[in-house]
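Reviewing the structure listed below.
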Protein chains: 2
Amino acid sequence: MSQPIDIAVIGATGIVGETLVQILEERDFPVGNLHLLASSESAGSSVLFRNKNVRVREVDEFDFSKVKLAFFAAGPAITLSYAARAHAAGCSLVDLSGALPADQAPQVVPEANTDVLAGLKVPFQVCSPSPSATTLAVVLAPLLDLVDLQYVHVTASLAVSAQGREAVAELARQTTELLNMRPLEPTFFDRQMAFNLLAQVGTPDAHGHTLLEKRLVRELRQVLAKPSLKISATCVQAPVFFGDSFSVTLQSTNAVDLEQVNAALEDAEGIELVEAGDYPTAVGDAVGQDVVYVGRVRSGVDEPSELNLWLTSDNVRKGAALNAVQVAELLIKDLL
Amino acid sequence: MSQPIDIAVIGATGIVGETLVQILEERDFPVGNLHLLASSESAGSSVLFRNKNVRVREVDEFDFSKVKLAFFAAGPAITLSYAARAHAAGCSLVDLSGALPADQAPQVVPEANTDVLAGLKVPFQVCSPSPSATTLAVVLAPLLDLVDLQYVHVTASLAVSAQGREAVAELARQTTELLNMRPLEPTFFDRQMAFNLLAQVGTPDAHGHTLLEKRLVRELRQVLAKPSLKISATCVQAPVFFGDSFSVTLQSTNAVDLEQVNAALEDAEGIELVEAGDYPTAVGDAVGQDVVYVGRVRSGVDEPSELNLWLTSDNVRKGAALNAVQVAELLIKDLL
């Protein structure tokens, strides 16, 4: 094990933050002192790490010069409030909130664009992209040499856990109410989420696009280093607790060689390709796993330049906490 | 009311067949004698029509010369077995199974292509397309003059009711088992359907395409009279009892005028356009309704030649039974 590094996790009481702490332990990340931080409402509780309960403290009172590395796993407002303070104190950071501008902090997916890490200076700022962009980048990166990519079409069916514990609890509550023929009273979601699909996650801008959809487009272009790649994105809320699913259509200029595509996916890091004829599901395959599952690899019904894929990934692990830790692993040596 | 016509409904005990009988009554279709037919397993039960229980009889024993019109609302095997016999007996038919070849029986969606009915001779054979093709045709037909359509990308999230009563019962049963922490034992579906998405509905062919996906492409091209339109299609099984949802991206050669698109959708028959910023859902809007709901009308994140839409429709009504009855209404005068 490398020399231990003192670390802070901001947003430690959330689903992603708690999983991130777990993953640091699972992967033997060289953690020295671990400081768990949260907003004042969540401070005071504790999270288990290496068989000890670590008390969660208020981020507002934290002295960032105590740590060399901080994971920001809370919302964008928290990152915007504290990232500069951490940076000024000499603390490097991995942000999961999407708040930092691209020119200050590159989006990184280890399977796709480790090259952007080369020029970083400590204290660095890097971002782990949204779960959708991360999942797509893992799968599209190994195909870039095979497919002359013109357009990417994505419909992402997202798990409610991305919206936190309240959303998970509400899906369970709504489902129970409906099965017991009781009247439905939505609280977290503004309408029936159980046995239904919500076509919009978050409030759209004046043009009808949600922040998640804009992040997907912007971050995927950045990670693939294709700033003008055409991407259509629709992010949908599915009645699924954990695990995101992606229906993806790629357009190429030429006929796609499916044998080569399958071979590239088979060989690629971070991907599990399921057998032809079968398909992966969020619940049955992706949840709890570190890889992105890929299935239904096929061309168009009669269009050989079209490539269709079905992807599933654990939105909390590879989509967020795991990717952030993997990025940090690549940077450990710079922090020693 | 027009002069009554003697009618047969084949598959009368299924979800679509039973709804079709209801719709004949709701819309005051000029029904004389109503003969309800099913396979030998389902014969013997009865279905309510105009406050009377009508006994369901075996299709194998039916004399098709007794009726002028038959709705085939059972599976493709039943249509293939009995359509020729009905035709030979002088009985016209509306098929919902997708079994009849396009050169024998045109696919018809009243909002899109009534022109194909002009040349028909009694006894005619017409088809009501799959729920997906019907829904898409209703919405795309009024846009053809505005959008120079190059490519249509569809991810269809389909309700389990399209697979019949057993599928509906299994989604309820699986959900209850999971909420009660009991072990899951899938029977109808081959894996967990509750709180999950299944990327494939039915068995794929050697190229990975399912029958539903091939029907969507073939039937939509036919109804829109665009035989070489490029269409990518992915049909997914969602944990939803009733109501299909469609994430649709259209590519045009030119920038799409969203104001014109909204105006055309607002004016079109069979469509309910929801307010900008809002979106329709299967359960909250489409189920039990006769129209296709449209929302999330928007261009690409920075691509003005892209048009994105979200559609929901009642897969049993407009997707199947209602469309079939609407087609028949246009042909009544030919049968008198």
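Counting partner chain Cβ atoms within 10 Å of every residue's Cβ in A:227-236, what's the average?
If you average over the peptide's residues, the count of other-chain Cβ atoms is 5.
Using alpha-carbon pairs under 8 Å, 6+ residues apart, how would you state the relative contact order of the stretch B:134-315 in percent?
Numbers: 354 pairs, mean separation 53.1, N = 182.
Rounded, it is 29 percent for the stretch B:134-315.
Shielding by partners for B:201-209, please: the mean number of other protein chain Cβ atoms within 10 Å of each residue's Cβ. Intermediate values should be presented prior to the final figure.
Values: counts 0, 0, 1, 6, 3, 2, 7, 11, 7.
If you average over the peptide's residues, the count of other-chain Cβ atoms is 4.
Measuring nothing but label to label, 7 Å from Cα along Cα→Cβ, what are B:Glu269's distances to the other copies in nm, shortest first?
Relative to the other copies, B:Glu269 has label-point distances of 5.9 nm.
Among B:Gln251, B:Trp310, B:Ala282, pick out the residue whose Cα is farthest towards the positive end of the charge dipole of the stretch B:233-336, where Lys and Arg carry +1 and Asp and Glu carry -1 on C-beta, about the Cα centre.
Highest projection toward the positive end goes to B:Ala282.
Just to be sure I understand: of the beta bridges DSSP finds with both ends in chain A, what percent are antiparallel, rounded to 5? Intermediate results must be reported in sequence, preceding the final value.
Working: 26 of 57 bridges.
Taking every DSSP beta bridge with both residues in chain A, the antiparallel ones total about 45 percent.
Take every DSSP beta bridge with both residues inside the protein assembly as shown and express the antiparallel ones as a percent of the total, to the nearest 5. Display every interim value, and only then the final one.
Numbers: 52 of 114 bridges.
Expressed as a percentage, antiparallel bridges in the protein assembly as shown total about 45.
From the helices alone, meaning DSSP H stretches of at least four residues, give me the mean residue ellipticity at 222 nm for chain A, per-run term -39500 (n - 2.57), in deg cm²/dmol to the nearest 500.
-8000 deg cm²/dmol
Could you give me the ³J(HN,Hα) list for the stretch B:198-204, computed from phi with Karplus coefficients 6.51, -1.76, 1.60 and θ = phi - 60°, whole Hz, x at Gly and Pro?
Once rounded to whole Hz, the list reads 9, 7, 8, 10, x, 7, x.
Starting from the coordinates of the alpha-carbon atoms of the protein assembly as shown, obtain the Kirkwood hydrodynamic radius over all distinct pairs and give the value in Å to one decimal. Display every interim value, and only then the final one.
Numbers: mean 1/r = 0.0376 Å⁻¹.
Evaluated over the protein assembly as shown, this radius sits at 26.6 Å.
What aspartates and glutamates does A:Lys230 reach when the alpha-carbon gap must be under 18 Å and sequence neighbours fewer than 8 apart in one chain are set aside?
A:Asp145, A:Asp148, A:Glu213, A:Glu219, A:Glu306, B:Asp302, B:Glu303, B:Glu306
Could you tell me the ratio Rg/Rh of the stretch A:2-137? Both radii from Cα atoms, Rh via Kirkwood. Could the numbers behind the result be given before it?
Working: Rg = 14.2 Å, Rh = 15.1 Å.
Ratio of gyration radius to Kirkwood radius for the stretch A:2-137: 0.94.
Report the net charge of residues surrounding A:Gln192, where surrounding means a beta-carbon distance below 14 angstrom and charges are Lys +1, Arg +1, Asp -1, Glu -1.
-2
Simple spin-label model, 7 Å along Cα-to-Cβ: A:Glu185 to B:Thr176 in nm?
2.5
Just for the stretch B:134-315, what percent of DSSP beta bridges are antiparallel, to the closest 5?
Numbers: 22 of 33 bridges.
If we restrict to bridges inside the stretch B:134-315, about 65 percent are antiparallel.
If I take every Cα pair under 8 Å that is 6 or more residues apart in chain B, average their sequence separation and divide by the length, what percent do I get for the relative contact order?
Numbers: 717 pairs, mean separation 61.8, N = 336.
After rounding, I find 18 percent.
Please average, across the residues of A:177-185, the number of beta carbons from any other chain that are within 10 Å of each residue's own beta carbon, and give a whole number. Please list the in-between numbers first.
On the way: counts 0, 4, 5, 2, 0, 0, 0, 1, 0.
What the average comes to for A:177-185 is 1.
Could you pull the copy-to-copy label distances for B:Ala206, with points set 7 Å along Cα to Cβ, in nm to one decimal and sorted shortest first?
5.5
Using the basic label-point model (7 angstrom from Cα toward the beta carbon), what is the B:Leu211 to B:Val116 distance in nanometres?
The answer from the label model is 1.9 nm.
What are the distances, in nm and sorted shortest first, from the label point of B:Gly119 to the label points of the same position in each other copy, with each label point placed 7 Å from Cα along the Cα-to-Cβ direction?
So the label point of B:Gly119 gives 6.5 nm to the other copies.
Please sort A:46-55, A:165-174 by packing, taking for each peptide the average over its residues of neighbouring beta carbons within 10 angstrom, highest first. Walk me through the numbers before you get to the answer.
Working: A:46-55: 12.6, A:165-174: 17.5.
Final packing ranking: A:165-174, A:46-55.
Where does each of B:150-157, A:102-109 land if you order them by average Cβ count within 10 Å, highest first? Mind dumping the intermediate values first?
On the way: B:150-157: 24.1, A:102-109: 19.1.
Final packing ranking: B:150-157, A:102-109.
How many nm is it between the label spots at B:Ala84 and A:Leu80, if each spot is 7 Å from the Cα in line with the beta carbon?
The two pseudo-label positions are separated by 7.1 nm.
Once you have a ≥ b ≥ c as the square roots of the Cα gyration tensor eigenvalues for the stretch A:212-313, tell me rounded if a/c is under 1.5, and otherwise prolate or oblate according to whether a/b is larger than b/c.
Working: a/c = 1.55, a/b = 1.08, b/c = 1.43.
Taking the square roots of the gyration eigenvalues as a ≥ b ≥ c, the stretch A:212-313 is oblate.
Which far-off residues, 5 or more places away or on another chain, put their amide H under 5 Å from the one on A:His35, with H placed in the peptide plane?
Answer set, sorted by chain and number: A:Ile7, A:Ala8, A:Val9.
Over all distinct alpha-carbon pairs, what is the Kirkwood Rh of chain A in angstrom?
On the way: mean 1/r = 0.0483 Å⁻¹.
Every distinct Cα pair counted, the radius reaches 20.7 Å.
To the nearest 20 debye, what charge dipole does the protein assembly as shown have about its Cα centre, counting +1 at the Cβ of each Lys and Arg and -1 at the Cβ of each Asp and Glu?
On the way: 48 positive and 82 negative charges, 146 e Å.
Approximately 700 debye in magnitude.
Can you give the Kirkwood hydrodynamic radius for the stretch B:134-315, in Å, rounded to one decimal and based on Cα pairs? Let's see the in-between values first.
Working: mean 1/r = 0.0574 Å⁻¹.
So the Kirkwood estimate lands at 17.4 Å.
Quick note: the coordinates plus some simple rules give every number you see, no bench work behind them. Bear in mind that the values here come from a model prediction, so they are computed numbers and not experimental data. No Cβ is skipped: glycine too gets one built from the backbone with ideal geometry, and neighbour counts run over all protein chains shown.
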